[in-house]
Each structure stands twice: as structure tokens, then as C-alpha cells.
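Below is one structure; the comments refer to it alone.
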Amino acid sequence: MSLHPVIAAVTERIVERSRPRRTAYLARIDAAADRDPHRRRLSCGNLAHGFAACAAGDKAALRGGIAPNLGIVNAYNDMLSAHQPLERFPELLRQAAREVGATAQVAGGVPAMCDGVTQGRAGMELSLFSRDVIALSTAIALSHDMFDAALYLGVCDKIVPGLLIGALSFGHLPAIFVPGGPMTSGMTNDEKSHVRQRYAEGKATREELLEAEAQSYHGPGTCTFYGTANSNQMLMELMGLHLPGSSFVHPNTPLRDVLTKAAAHRAAAITALGDDYRPIGRIIDERAIVNGVVGLHATGGSTNHLLHLIAIAAAAGIELRLEDFDALSRAVPLLARVYPNGSADVNHFHAAGGLAFLIGELLDAGLVHGDVETIAGPGLARYRVEARVDGDGQLAYVPSTATSADTNVLRPVAEPFRADGGLRVLAGNLGSAAIKVSAVPEDRWTIEAPCRVFAEQSEVKHAFDNGELGRDVVVVVRFQGPHANGMPELHQLTPLLSVLQNHGHRVALVTDGRMSGASGRVPAAMHASPEAARGGPLAKLRDGDIVRLDAVEGTLNALVDADEWAAREHAQVDLTTHHSGLGRELFAVFRNAVGAADVGAGIFGVER
């Protein structure tokens, strides 16, 4: 199948605008590549430090300097359910490396925080910044120049993007991302959502809510809804950085362990020391980035990747823009319904055919680049397979299913849930913003109502509890951008706004903060840029102004007389209470250096 003309055109635009930066990036990583292990150029004292604590056999191999040495960058901690299984992985990887004559060392650890724990708390204001801390930590881990390839162990929201940004700084090294897998299914997402809404209305007790949450998040593995963590896994597979079929296999199972070991085997095979050198800086090119965006649209993935993919692309010398997301969304059909975009979870998605089926459908329709390089070899068609454990306990692959096992969850391109990916970029006198409409009823795509303006998530809850929002309303929560307070997710607003909408009111949210993969049926214009704290137009809004959010036309406007609007002063808010406590005082340099949301909200100087 020939490539869809929109996919081809968007890719070509990205290639052209990125050419100077991409050329410089490739020159840099090519200069760093070497067929001889870098550690052979270390002084004897340097090298002795590098293998001093190794097992005898590993020490001999490292001393000889000709066998591949794999660096493991690990996001393990045992508080995060998704990362707790990673405790076992380093030893599995070391054993597997020895099986193919290689060695593996834990190069370093990176922090991994859980947005599920910090939602609505002060710690959430460090969440987005943690992505760039992870990238920096990855660079420190690999700075010893001891490694011929790297294995990246991470799963959740900011961890995978941070690891990938760091990995791309070492773009001459082959890189394989090693997932941990989702937890088994617990309470259904519809039941959980119902209890949350009942609690918001005062109809359920805290104990009832806690029991529902505990039944939902109940064991090792990734949370099963399709938020940023599971969107990460989709992206790593569709962009060719996972082994085929590895994204959604449960932790602590024979297949998970076999896949983990196979990652070490493959990493050893694709170093510059052999004849199948596959550096990550060459795998992640413009085509791979476009494939990732297509996958995001086709699955209804997390809006956090409007930030992360731009930052990831920039780390590879590629300039991705919000307009590219918008154009691709109009060409890519929605093929999956996974909560909050449906009632199923990722286990149901995987059982229905999962990524193998999805990738096959996208390839056959010409909606992704099939001619990309991957860690598994040339061509994305290598990912049209399902992983199995054979009779000898080894990894085996079988062709993907030709049909979906559940068309309520996963559909072919010929019968999509929607003809487009359900993402829109909005623009108007309130700046630019993004909205995910894949789960929003079409009669709610346009909302025009008086606004109510807040500067804190807690203020919205107070107004809701006092019955002040029981009407058609556009809730504006401003001063939530990266410069103001780290751009926290405003996930706690979802149950409140859902209640208002369920009561028949026409409701929308407009914010310069984030809503993440948990944004659902309520229209939410998020990532508004410029942000209010840097003079963005949200700071001009006053209670009662009529705001029109139009996802059909792609506009976001305050319906205020133009002369009056131009003359209005920007509201000011004292943000100092957000700048200290729980470590926030240490991140002033991040708040001051961070870029705008539309360039990835990072500290690494992405400019337009």
C-alpha cells in the first residue's frame, strides 16, 4: 500500500524544517560512533574503577575490552506498581548478556514519581520537571563511556520520555526499552468512574472511594487505563524501540521474563562491534516520529504526548509542531476504545489483537511508514506478530490475528470508531490550545457560555460544593503553566465537571495546565499558550466573559469587544506559595528556564 498523501506531506514538511538541526545532530552522533569500545581508551585506573565490583567472568570480559558491555538505566522503585517488577530485571539482563558472550552493568538509576499518588498535591508540581531530571540522570549514568549499547527500564508517565530524551543525547549507542507490563484487570473503569462521581456529589463515603480505587490499582504492573504510561508503551513499540509484542505482557510471567532476556540478547547483537549496528539516533528519525503521532491518534492516547513527543523529537534534531498533530489527526482513524476513551482496559485491548493487529492495519492502509529501521531489524512489518513462549521455554513469534477478537475495543481501518483521531489544535484571542475530542459527544464540541475564572484547582472544588457552578459554564483554571508552577495535571476536576455535564449543563474547561490521558467526555482546552504567568491572554479573562470553544472550527475565543480586550490588563497572582515545600524550592531554575507548552515544556532550549 502506498503511503497516505497526508502522512507523506506532513513527514516531508517536518524533514524540510528540521534539516539544519537534524544534519547537525547526525554529524554529532556519527562523530561519537566507533567500532572499537570506548572503554579501551580509558586509562588503566579509569577502567579498573569501572569493573572493580563485577563478577570474575564479567571482569575478565571487560578487562579484555572486545565483548559488548550493556549499560542498564533503571527507574526501579517499589512504590510504583509499574516499576516494582523492575527489581528483578538487572539480574535477568546480566544472565542473558553472559549467554551471548556479553556483559551488562547497571549504569545508574533515575527517579520515577507517580502522578497517581501526587494528583492534587504539591508534589504534582514537580511531575513534568521530573521528565527532564530523568533525561539529565540518564546522561550522568552513561557518562562513564563504558558501554556499547543501553537497556532502558522504565514505564510510566514522564519516565519513558525522559529516558528517551537522555538516550538520544547518546544517539550513537543502540538502545532497547524494556517494559514491565500492565497489572491484571481489577474493578471496571466504568464502575470506578461511577464511584468517583458519587463521591464528588457527596453520595459515597471516603471508605467506599478508597475501596474502589484499591480494587482498581491492586497489584504489580502499569495501571490498566489508557493514560500516559500505556501510551508510552504503544509509542515505544510503534517507534521500533521495544521488542515486538512486548508492551502489554503481564509482569512476573514466563513470557515477560523471556522477553526481558531477549532484550539483552538483541542489544548485544546490534552494537557497533558487530555487523548489524543500530544506533538509536538513526532509528528515531522523522518517519519514526510521525509513526508515533499516528499511533497516538489511532489509539486515542494521552494528551501529555503533545508535550513529550515535541521534546523527544527535538532531542533528535527534529522540529515537530502542534500543527503536525492536527493535520495527522484529520487523516488517521480512531481504531481503539480504551478507557477513558471507552470502557475497556489495556488488557482487553491486548486480548483483542493489540498492537500487532493495530500496526498491521495501519501498514495496510498506508498510514504509517513501513520502511523505518527498528531495533528488531529493518521494516515495521516485523511488529505484525504476537510473542509466545515455545515448548523449549524460548521466545517465539506467531503472525498477528487477521481480525479483531472484540470490535467493541479494537477495529480495522475499514470500520473505525471515528474517521479521525479526535485531536484538535485551537487558536484565537485566548492563544493556542489542544483538545482531545475522541470521547467527547459531538454535540459538546462547541461550547459557548459565561466563564468562571480560578487560579487553583481547590477553588473549583469549593465553588462546586457551594453550588456555584450548576449552570452552563466554561471553567477557566489559569496560572497552571510550566513557568507558573510546573504545569500540574488537573485530573481532580474530571469528576466535578462530569457531574455538571451529566446534569445537562453545557460545560467546558480551559486551562494552561494539563489533563493527561485521563481527559474524557468533558471538552477540555488544555496547554493554553502563552501561559497566564508569562502574559498569556488567559490572564485577561474576567468572570462572566463569554468564552467560545469550537472544536469543529478549531477556535478558542473570548467574545469581548476587540478594543476592550486590547485595553485590558493582565491579572496578577501571587505564586510564591507554589515555589517552596516538598522540594519545590529546588526547582526555581527549571521554572525560570522552561519553554512554552507548544515547544514541549522542557528546559533544553527548544526554540521557534
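Each reported figure results from applying straightforward, stated rules to the coordinates on display, with no laboratory input. These numbers were taken from a predicted model, which means no experiment stands behind them. Note that we place each Cβ from the backbone using ideal geometry, even for glycine, and neighbour counts take in every protein chain shown.
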Read phi for every residue in segment 399-406 and hand back ³J(HN,Hα) as whole Hz from Karplus 6.51 cos²θ - 1.76 cosθ + 1.60, θ = phi - 60°, with x for Gly and Pro.
-> x, 5, 4, 7, 9, 6, 7, 7
Describe numerically, in nm with one decimal, the distance between label points set 7 Å from Cα along Cα→Cβ at ASN466 and at VAL389.
-> 5.9 nm
Which ordering of THR299, THR446 is given by a fewest-first count of other beta-carbon atoms within 10 Å?
-> THR446, THR299
In the set (i) 12; (ii) 19; (iii) 37, which value of percent of Cα pairs over 47 Å apart was calculated from the structure you see?
-> (i)
For ALA33 paired with LEU582, estimate the spin-label separation in nm (one decimal), with each label point 7 Å from Cα along the Cα-to-Cβ line.
-> 4.5 nm
Principal semi-axes in Å for segment 423-575 [√(5λ), Cα gyration tensor, largest first] = 21, 17, 16
Given the Cα-Cα distance of HIS194 and GLU208 and 0.36 nm per residue of separation, how much length would full extension add, in nm?
-> 3.9 nm
Magnitude of the Cβ-charge dipole (Lys and Arg +1, Asp and Glu -1) of the chain about the Cα centre, nearest 20 debye, reported as 1080 debye
Hypothetical label at MET1: residues of segment 291-323 whose amide nitrogen lies under 16 Å (7 Å Cα-Cβ projection) = 291-292, 294-299
Rounded to 10°, Cα long-axis angle of helix 89-99 versus longest principal axis of the chain = 30 degrees
For the Cα atoms of the chain, what angle does the longest principal axis make with the long axis of helix 305-315, in degrees from 0 to 90, nearest 10?
-> 40 degrees
Residue separation times 0.36 nm, minus the C-alpha to C-alpha distance between ARG534 and ASN502: what's the value?
-> 8.0 nm
Burial ranking of peptide ranges 100-110, 47-57 (average Cβ count within 10 Å, highest at the top) | 100-110, 47-57
Before rounding to the nearest 500, sum -39500 (n - 2.57) across all DSSP H runs of length at least 4 in the chain and divide by the residue total; then give [θ] at 222 nm in deg cm²/dmol.
-> -11000 deg cm²/dmol
What is the distance, in nm, between label points placed 7 Å from the Cα along the Cα-to-Cβ direction at ARG568 and at ALA55?
-> 6.6 nm
Return one number: the angle in degrees, 0 to 90 and rounded to the nearest 10, between the long axis of the Cα atoms of helix 254-269 and the longest principal axis of the Cα atoms of the chain.
-> 60 degrees
May I ask you to compute the full-extension gain from ARG330 to THR407, defined as 0.36 nm times their residue separation minus their alpha-carbon distance, rounded to one decimal in nm?
-> 25.5 nm
Greater than 23 Å apart at Cα, pairs in LYS158/LYS540; LYS59/LYS158; LYS59/LYS261; LYS158/LYS461; LYS203/LYS436 = LYS158/LYS540; LYS59/LYS158; LYS158/LYS461; LYS203/LYS436
Inter-centroid distance (Cα atoms) of segment 547-608 relative to segment 470-508, Å = 16 Å
With θ set to phi - 60° and the Karplus curve 6.51 cos²θ - 1.76 cosθ + 1.60, what are the ³J(HN,Hα) couplings of segment 504-511 in order, to the nearest whole Hz, using x for Gly and Pro?
-> x, 7, 8, 10, 8, 10, 10, 7
Under the Karplus relation 6.51 cos²θ - 1.76 cosθ + 1.60, θ = phi - 60°, what is the ordered set of whole-Hz ³J(HN,Hα) values for segment 293-298, x standing for Gly and Pro?
-> 5, 4, x, 4, 5, 5
For the chain, with +1 on Lys and Arg beta carbons and -1 on Asp and Glu, the positive-most of GLY421, PRO37, VAL547 along the dipole | PRO37
Determine which residues of segment 386-420 fall in the zone a paramagnetic label at GLN95 would reach in this model, i.e. backbone nitrogen under 15 Å from the point 7 Å along Cα→Cβ.
-> 393-395
